[in-house]
Amino acid sequence: AIISVASCQWTKKELVFPKTNLSEAPLIPKPLKTIATHSAFGLAENTIIYTSQVDPKFEQVGHFLAEKIKSKTGLGISVNASNGKNSTERFIYINKSDSVELKTSESYQLYIKKDSIFLNAKTAAGAFRGIQTLRQLIPEKSNDTITDYPLWLIPTGKIFDEPKFEYRGTMLDVSRHFFSVDEVKKYLDIIAYYKFNVLHLHLSDDQGWRIEIKSWPKLTEVGGKTEVGGGVGGYYTQEDFKELVAYAAERHITIVPEIDMPGHTNAASVSYPFLNGNGKVVKPYTGTRVGFSTFDAQKDPVYAFLDDVIREIASISPGPYFHIGGDESHVTKKKDYIHFVEKVEKIVQKHGKQMVGWDEIVAAKISPTSIAQHWHTTKNALKGSANGNKIILSPAKKAYLDMKYDSLSKHGLNWSGCIPVDVAYNWNPETYVQGLPKETILGIEAPLWSETISNSAELEYLAFPRAIGYAELGWSTSENCDWEDYRNRLAKQVPFLNRMNINYYPSELIDWE
Ligand code: TNX
């Protein structure tokens, strides 16, 4: 009390804020721990963001926050510079910290006080996750009665937060239908807000090849020109792909490239028929059947080709992973499949990446550093984990974004059942596969296959709101995942969804606000 009386004589006058409750903020994913102190920080034109100068990536996070504050509130906030309104400045500090309480690279602490906000993180990735929380705490409307300029009142208190899983992904199939660079960027913008850190791109399949390979140009000249339903297809040049990688990196999201093989390879074999191993003449395919194509696993030139493909893609993919697909190779002989996966794993490793594959890959003798993505077969997940492989969980009954919500859904398939918004949320990744040790689980991923969707509006219809629930299942502790609580917070995402012009499915299970 003595300090405040003394300081009153020369600091700003005390503002009187309405009572707030940080613990009731509709944050998604729900933070690990929140302590409310019931006052407010008034975000205003005189707020300044200061960032750690030790690491330039922190300054980038500061600029990202300033830009998002601008688009939400119209306020032009300066970063690491005074804005000339010194008498009433309020600060947001984005600080690099070595605190042992920050257990992971993505952990952060947010201290919101009346006149300043401190965000602590070990790395810029942690700071980036933290500013998503801050964005979500900024109200839609300003309060215009407390001061003679508008204030956006952020509830005060402390948040300690960290992710449950290190891998929190979604997958987009750009092969069955092509999605442009701008469409993928919009998707990245949305998933970043909910703290996803991986976008897996399914870059090849029977219906189209979507990434330029300079040493094998026909892959895109021929294989890039088809898609499901007979549309014009499309592909990313390597420059396009680098642009996506950089855009994702600014959001601390890793792109995981996938070339699906030895099955799902019709488009590659149409481009270069020597690759084909199913004994038939290859023709372009624009239907939606699976399991009819295969590379020839016995030919050396096939592996020389794959060495080029993997080398070129690995060289423009800074992330640690390369996904080889490996699913539904129904016309590949079992021994050929095993031989193929083992040879391709070596190629992936030679180019400095860790192999990821759909759960079928555990049929081969793979190295414990490779990762199996569980989608279908429990036995495969268990076999992988017994072999030392980390597992990504994408169970088709719970996590497939391409399943219909219900029988009336405008888009989507239903081979693994309909997945309404509550079913998508109501499962516990840590216990879902019986017998799978928790430590084996790298994380979760929600795949969006694109047989039935071909543009952003359709993509968003299937992905949202379900992907928001997967964000929470990947980040928040199972104790903090509660459907009733979640559905109330989800209802309050409407202003963001509308501001971003997201064509979400307005499920009747949610009382949208
Ligand atoms: C199965 S899931 C597939 C895809 C299809 C999807 C449709 C997986 C590894 N393979 O080829 O697009 O079902 O839901």
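Could you rank the peptides 42-48, 202-208, 462-468, 94-100 by their average count of other C-beta atoms within 10 Å per residue, with the highest value first?
Answer by packing, highest mean first, reads 202-208, 462-468, 42-48, 94-100.
Could you tell me which GluC sites (Glu not before Pro) in segment 99-155 are loop residues by DSSP with no more than 13 other beta carbons within 10 angstrom of their beta carbon?
Loop-located and lightly packed - E101, E140.
As a test of the definition: which semi-axes, in Å, follow for segment 28-86 when you take the square root of five times each eigenvalue of its alpha carbon gyration tensor? Largest first, please.
Semi-axes, largest first: 22, 17, 13 Å.
At 0.36 nm per residue, and after removing the present C-alpha to C-alpha distance, how many nm does the segment from V281 to N488 gain when stretched out fully?
69.0 nm
Charges only on Cβ, +1 for Lys and Arg, -1 for Asp and Glu: so what's the dipole of segment 312-372 about the Cα centre, in debye to the nearest 20?
300 debye
For I371, what residues show an amide H to amide H distance below 5 Å, using hydrogens built from the backbone and excluding near sequence neighbours?
M355, V356, G357
For a Förster distance of 22 Å, can you work out the FRET efficiency between the beta-carbons of E89 and T37, rounded to the nearest 0.05?
Step by step, r from the Cβ atoms, then E = 0.55.
Report, in debye and to the nearest 20, how large the dipole of segment 11-161 comes out about its Cα centre when Lys and Arg carry +1 and Asp and Glu carry -1 on their Cβ.
200 debye
Going by how many other beta carbons lie within 10 Å of each one, how would you line up R135, R289, R129, fewest first?
R289, R135, R129
Identify, among G263, P506, W415, the residue whose Cα sits farthest towards the positive end of the charge dipole of the chain, taking +1 on the Cβ of Lys and Arg and -1 on the Cβ of Asp and Glu, with the dipole about the Cα centre.
G263
Could you tell me which of rounded, prolate or oblate describes segment 63-148, using a ≥ b ≥ c as the square roots of the eigenvalues of the alpha-carbon gyration tensor, with rounded for a/c under 1.5 and, failing that, prolate when a/b is larger than b/c and oblate otherwise?
Prolate is the answer for segment 63-148, as a/c is 1.5 or above and a/b outweighs b/c.
Return one quarter of the surface area of the convex hull spanned by the alpha-carbon atoms of segment 11-161, equal to its mean projected area, in nm².
Orientation-averaged projected area of the Cα hull: 8.5 nm².
Filter K350/K379; K141/K242; K185/K492; K96/K164 down to the pairs with a C-alpha to C-alpha distance above 27 Å, please.
K350/K379; K141/K242
Treat the count of other C-beta atoms within 10 Å as a stand-in for reagent exposure and order C418, C481 from fewest to most.
C418, C481
Restricting the count to DSSP beta bridges whose residues both fall in the chain, what percent are antiparallel, rounded to a multiple of 5?
Taking every DSSP beta bridge within the chain, about 30 percent pair in antiparallel fashion.
Dipole of the chain, Cα-centred, from +1 at each Lys and Arg C-beta and -1 at each Asp and Glu C-beta, to the nearest 20 debye?
For this selection, approximately 580 debye.
Projected onto the charge dipole of the chain (+1 at Lys/Arg Cβ, -1 at Asp/Glu Cβ, origin at the Cα centre), which of V494, Y400, P429 gives the Cα projection farthest towards the positive end?
P429
Looking only at Cα atoms, what is the convex hull volume of segment 196-308 per residue, in Å³?
So the per-residue hull volume is 110 Å³.
Using the Kirkwood formula over every pair of different C-alpha atoms, what hydrodynamic radius in Å results for segment 332-487?
Computed over Cα pairs of segment 332-487, the Kirkwood hydrodynamic radius comes out at 16.7 Å.
Would you please give the FRET efficiency between K114 and K410, computed as 1/(1 + (r/R0)^6) with r the Cβ-Cβ distance and R0 = 56 Å, to the nearest 0.05?
Efficiency for this residue pair is about 0.70.
Taking just the C-alpha trace of segment 167-486, give me its Rg and Dmax in Å.
Values for segment 167-486 (Cα only, Rg and Dmax): 18.3, 56 Å.
Can you find, among N120, S476, N455, the residue farthest towards the positive end of the dipole of the chain? Put +1 on the C-beta of Lys and Arg, -1 on that of Asp and Glu.
Of the candidates, N120 comes out farthest on the positive side.
Quick note: the coordinates plus some simple rules give every number you see, no bench work behind them. Please read these numbers as outputs of a predicted model, since none were measured by experiment. Glycine also receives a Cβ, built like all others from the backbone with ideal geometry; neighbour counts cover every protein chain displayed.
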